[in-house]
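What follows is one structure encoded as structure tokens, with my remarks underneath.
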Amino acid sequence: MPDEFDPSSDVPAEAWSGVHRGPLRAGEWVRLVDAKGRKHNVELVPGKRFFSNKGHLEHDDLIGREEGFTVTSSVGGEYLVFRPLLSEFVVSMPRGAAVVYPKDAAQIVAMADIFPGAHVVEAGVGSGALTCSLLRAVGPHGTVSSFERREEFADVARRNVHQFFGDLPPTWSLTLGDLQEELPKAGVGADRVILDMLAPWECVPAAADALRPGGILCAYVATTTQMSMFVETVRVHGGFTEPQAWESLVRDWHVEGLAVRPGHKMIGHTAFLITARRLAPGATPLRKTRRPAPGAYGPDYHGPRPADAGPIDPAGAEAPEAGERTATNS
């Protein structure tokens with residue numbers, strides 16, 4: 001380590017962090033925020049101007065300065081200038097598909113335990129938002145193998161990853177095709193498999209074959225029907241621990257002296273997350289000690305059926321197991 005702190009020293013390029021320190025450079029992206037909170041992402045190009053309803057700014061007046069300063073436009077508009085954070089970049093990046101929002105990406109990185117050096121399989125890649133978080137989390141010694149069915153989404157993801165990191169990281173591979181077909185061909189072992197697609201339950205067998213014992217399967221789904229189908233498919237597979245499903249809600253707070261109250265806006269439902277761990281070969285999951293709720297797997301249920309769900313009563317309720325007492329009206 002250097003003897004003295006050097007505030008201008010940049011982050012090593014081999015870290016592939018997508019972060020720079022020191023003076024702003026030509027080719028970098030900056031985030032301009034005005035007094036009303038309106039935001040603009042701008043690539044710094046020598047000799048170029050940024051235009052808005054508040055006049056214009058010269059890019060040359062920004063290049064070479066340390067981030068975190070205020071600049072005034074040609075007609076007196078003020079902007080705060082910073083390099084964009086990853087969480088800010090992904091919500092404003094060009095989109096081919098909907099992005100995984102920062103609150104969910106953070107949950108995936110933490111709850112799926114994405115670690116430096118991990119081999120993570122991701123499908124689909126969407127617009128590349130989650131891919132950026134995964135690449136940063138695995139670090140220069142890990143790998144992220146992404147699979148995407150749609151070429152137009154893959155192209156958008158490549159551009160966004162390139163923009164954030166300044167190039168395409170050597171730790172990333174992007175395969176155009178269906179994970180169910182392409183992952184077995186790759187013959188790779190994965191520490192984590194992250195599924196962000198319409199029907200992730202279709203990929204459970206391929207994911208199970210690729211995951212190492214103790215590895216984590218994680219799905220990101222938008223609807224309760226998708227969540228139910230995925231959870232039951234994982235249960236019926238028999239090679240995973242009991243799936244855990246949840247969602248996160250984020251609410252900001254207004255704080256001014258004694259005026260402290262919840263904000264008027266919040267980031268509510270975006271998606272459900274489900275995780276399960278891969279069992280060792282030949283191991284079986286623990287049998288649940290509680291029977292399913294009455295009607296959980298009744299006549300109206302048409303998804304995968306766990307072996308311990310009990311038979312279906314054609315009258316409309318699940319039949320009790322042999323010897324089980326049932327309630328009667330007195």
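The values are calculated or read from the model by the stated rules, or taken from the named source; none is laboratory data. Keep in mind it's a predicted model, so treat the numbers as computed, not measured. With ideal geometry, Cβ positions are generated from the backbone for all residues, glycine too; neighbour counts draw on all protein chains shown. Remember, those area values only see protein heavy atoms, side chains included, never the ligands or the DNA or RNA. Shrake-Rupley method; radii C 1.70, N 1.55, O 1.52, S 1.80 Å.
Could you work out the percent of alpha carbon pairs in the range 1-140 separated by over 27 Å, rounded to a whole number?
Values: 3297 of 9730 pairs.
In whole percent, the share of Cα-Cα pairs in the range 1-140 beyond 27 Å is 34.
Count the net charge of all other residues whose Cβ sits under 12 Å from the Cβ of T289, scoring Lys and Arg as +1 and Asp and Glu as -1. Don't skip to the end; give the middle numbers.
Working: positive: R287, K288, R290, R291; negative: E242, D308.
Net charge around T289: +2.
List the residues whose amide H sits under 5 Å from the amide H of G215, counting only those 5 or more places along or on another chain, with H placed 1.01 Å from N in the peptide plane.
Sorted by chain and number, the residues that satisfy this are R278.
Per residue, how much accessible area does the range 10-67 have with a 1.4 Å probe, in Å²? Intermediate results must be reported in sequence, preceding the final value.
Numbers: 3350 Å² over 58 residues.
Ligands and nucleic acids excluded, the figure is 58 Å² per residue.
For every other residue with a beta carbon closer than 15 angstrom to the beta carbon of G117, add +1 if it is Lys or Arg and -1 if Asp or Glu, then tell me the sum. Please list the in-between numbers first.
Numbers: positive: R136, R192, R212; negative: E14, D113, D191.
Surrounding charge for G117 is 0.
Helix-only mean residue ellipticity at 222 nm, the chain, DSSP H runs n ≥ 4 weighted -39,500 (n - 2.57), per residue, nearest 500. What is it? Walk me through the intermediate numbers first.
On the way: 7 runs with 71 residues, N = 330.
When only DSSP H runs of four or more count, the value is -6500 deg cm²/dmol.
Rule-of-thumb check for the range 154-204: C-alpha Rg over 2.2 N^0.38 Å? Don't jump to the answer; show the numbers that get you there.
Values: Rg = 12.8 Å, N = 51, 2.2 N^0.38 = 9.8 Å.
In units of the globular-protein estimate, the range 154-204 measures up at 1.31.
Heavy atoms of the protein only, probe of 1.4 Å, neighbouring chains included. What is the accessible area of T70 in Å², nearest 10?
Accessible surface of T70 is approximately 80 Å².
Please compute, for the alpha-carbon atoms of the range 72-173, the extent along each of the three principal axes and give them in descending order in Å.
Cα extents, longest axis first: 51, 28, 24 Å.
Given that just one value was derived from the coordinates, which of (i) 16.1; (ii) 17.3; (iii) 26.0 is mean projected area of the Cα convex hull in nm²?
The value computed from this structure is option (iii).
Only bridges whose two residues both fall in the chain count here: according to DSSP, what percent of them are antiparallel, nearest 5? Mind showing how you got there, number by number?
Values: 34 of 53 bridges.
Once the DSSP bridges in the chain are tallied, antiparallel ones form about 65 percent.
Which net charge results for the neighbourhood of S173, defined as the other residues with beta-carbon distances under 12 angstrom from its beta-carbon, given Lys and Arg at +1 and Asp and Glu at -1?
On the way: positive: R158; negative: E122, E148, E182.
Every neighbour counted, the sum reads -2.
For the full complex of protein chains and a 1.4 angstrom probe, list E148, E43 by accessible area with the highest value first.
Values: E148 15, E43 80 Å².
Descending order: E43, E148.
Around F240, which amide H atoms from residues at least 5 apart in sequence, or from another chain, sit under 5 Å from its own amide H, with H modelled in the peptide plane?
L279
Pop out the carbon and sulfur fraction of the accessible area of the chain as a percent, whole number, probe 1.4 Å.
Numbers: 10040 of 18220 Å².
The nonpolar share, carbon plus sulfur, comes to 55 percent.
Among the lysines, which have Cα under 23 Å from the Cα of K36 when same-chain residues fewer than 8 positions away are ignored?
K54, K265
Ordered by packing density, taken as the mean number of other Cβ atoms within 10 Å over each peptide's residues, highest first, how do 150-163, 211-224 rank?
On the way: 150-163: 18.1, 211-224: 19.6.
Those peptides, ordered most packed to least, come out 211-224, 150-163.
List, in order, the whole-Hz ³J(HN,Hα) value for each residue of the range 190-202 obtained from phi through the Karplus relation with A = 6.51, B = -1.76, C = 1.60 and θ = phi - 60°; use x for Gly and Pro.
10, 8, 9, 10, 10, 10, 10, 7, 5, 10, x, 5, 5
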